[in-house]
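For reference, the structure discussed in these notes is given below.
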Amino acid sequence: MLTDKQSLILCGIMAGGIFIAGVLDILDNFVILTLLTIIFLAIILNLVATRSFEKKEEELEE
């Protein structure tokens with residue numbers, strides 16, 4: 001799992017990457033699109049993993 005700081009950095013990189021790629025008009029580039037997709041999936045997987053980990057901890061506490 002990623003820490004909060006790492007998640008915020010990834011979100012900033014993704015937002016900056018979309019902005020810069022949009023300004024430079026290279027969003028159609030396969031490499032750029034792949035990198036942005038991998039960053040997006042890492043963020044989503046971290047959210048899912050964190051939620052399921054918290055639910056398991058709550059069940060164990062009860």
Subject >> Gain on full stretching of the segment that runs from VAL23 to GLU59 - 0.36 nm per residue minus C-alpha separation >> reply: 8.2 nm
Subject >> Accessible surface of the chain, 1.4 Å probe, proportion on carbon and sulfur as whole % >> reply: 69 percent
Subject >> segment 43-53 - phi-based ³J(HN,Hα) in whole Hz, Karplus 6.51/-1.76/1.60, Gly and Pro as x >> reply: 5, 5, 4, 5, 4, 5, 5, 5, 5, 5, 5
Subject >> Per residue, in Å², the accessible surface of the chain once ligands and nucleic acids are set aside, probe 1.4 Å >> reply: 85 Å²
Original post:
So, in nm, how far is label THR3 from label LEU45 when the simple model puts each one 7 Å beyond its Cα toward the Cβ?
Top reply: 2.1 nm
Subject >> Dipole axis of the chain (+1 Lys, Arg; -1 Asp, Glu on Cβ), positive-most option in ALA49, GLN6, ILE38 >> reply: ILE38
**OP:** Identify which of the listed values of Kirkwood radius over Cα pairs in Å was calculated from the structure shown: (i) 12.5; (ii) 13.1; (iii) 14.0.
**Re:** (ii)
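The values are calculated or read from the model by the stated rules, or taken from the named source; none is laboratory data. These figures come from a predicted structure and were not determined experimentally. Don't worry about glycine lacking a Cβ; one is built from the backbone with ideal geometry, like all the others, and counts go over all protein chains shown. Note: accessible area is taken over every heavy atom of the protein model, side chains too, but ligands, DNA and RNA are not part of it. Shrake-Rupley method; radii C 1.70, N 1.55, O 1.52, S 1.80 Å.
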